[in-house]
Amino acid sequence: MAIHKDLLGGPPPTHLPDDPEPRELLANGTAPADVAAKYPTSSLAWAQLADDAFENGRVVESYAYARTGYHRGLDSLRRSGWKGHGPVPWEHEPNRGFLRALHALARAAQAIGEEEEYERCSGFLRDSSPAAADTLG
């Protein structure tokens, strides 16, 4: 893998390590709660729980699940060298759990009228990955 230096001096993209087991379990129909219980550090499992809760009108639960996935993702990002800003590319599949949780947190915050949190999370998502913001809506 070639390492490219950002000529504008920005931080390099952060690529979370692959953790295929939770992704595979979810893809094979394992209940997200079971995946989160087995892999509590998986932002993807928490993001799926947040999405399912939101789709079923359980907005406060969605917010809680999304916040858990978001914080688990921040922990992973920091362990991967992230310094609090810089790209977290959607194109790198292991980043998607964090990005989905961040999106879910923004969505749930907006739904409960927490506008400041919605704006912060939406901006953070767009700054981290414009592709994620466009893909997730």
Using the Kirkwood formula on alpha carbons, the hydrodynamic radius of segment 46-137 in angstrom works out to 12.8 Å
Relative contact order (percent, whole number), segment 50-137, Cα cutoff 8 Å, 6+ residue spacing
31 percent
Mind checking the per residue accessible area of the chain for me, 1.4 Å probe, whole number of Å²?
56 Å²
Ignoring ligands, DNA and RNA, please state the percent of accessible area on the chain from carbon and sulfur, probe 1.4 Å.
53 percent
Cα-Cα separations in segment 4-75 greater than 18 Å, expressed as whole percent
46 percent
Would you please name the trypsin sites (Lys or Arg not before Pro) within segment 35-137 that are DSSP coil residues with at most 10 other C-beta atoms within 10 Å of their C-beta?
LYS83
Helix-only CD estimate at 222 nm, as mean residue ellipticity for the chain, using -39500 (n - 2.57) per DSSP H run (n ≥ 4)
-19500 deg cm²/dmol
GluC sites (Glu not before Pro) restricted to DSSP loop in segment 90-129 with at most 16 other C-beta within 10 Å:
GLU91, GLU114
Helix 96-111 versus the longest principal axis of the chain: what angle, 0 to 90°, nearest 10, using Cα atoms?
60 degrees
Against the longest principal axis of the chain, how steep is helix 43-55, in degrees 0 to 90 to the nearest 10, with axes from Cα atoms?
40 degrees
Can you give me the relative contact order of segment 1-117 as a percent, contacts being Cα pairs under 8 Å and 6 or more apart?
32 percent
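The values are calculated or read from the model by the stated rules, or taken from the named source; none is laboratory data. As the structure is a prediction and not an experimental result, all values here were calculated from the model. Here Cβ is always computed from backbone atoms with ideal geometry, including for glycine, and neighbour counts include all displayed protein chains. Only protein heavy atoms, including side chains, enter the accessible area calculation; ligands, DNA and RNA are left aside. Shrake-Rupley method; radii C 1.70, N 1.55, O 1.52, S 1.80 Å.
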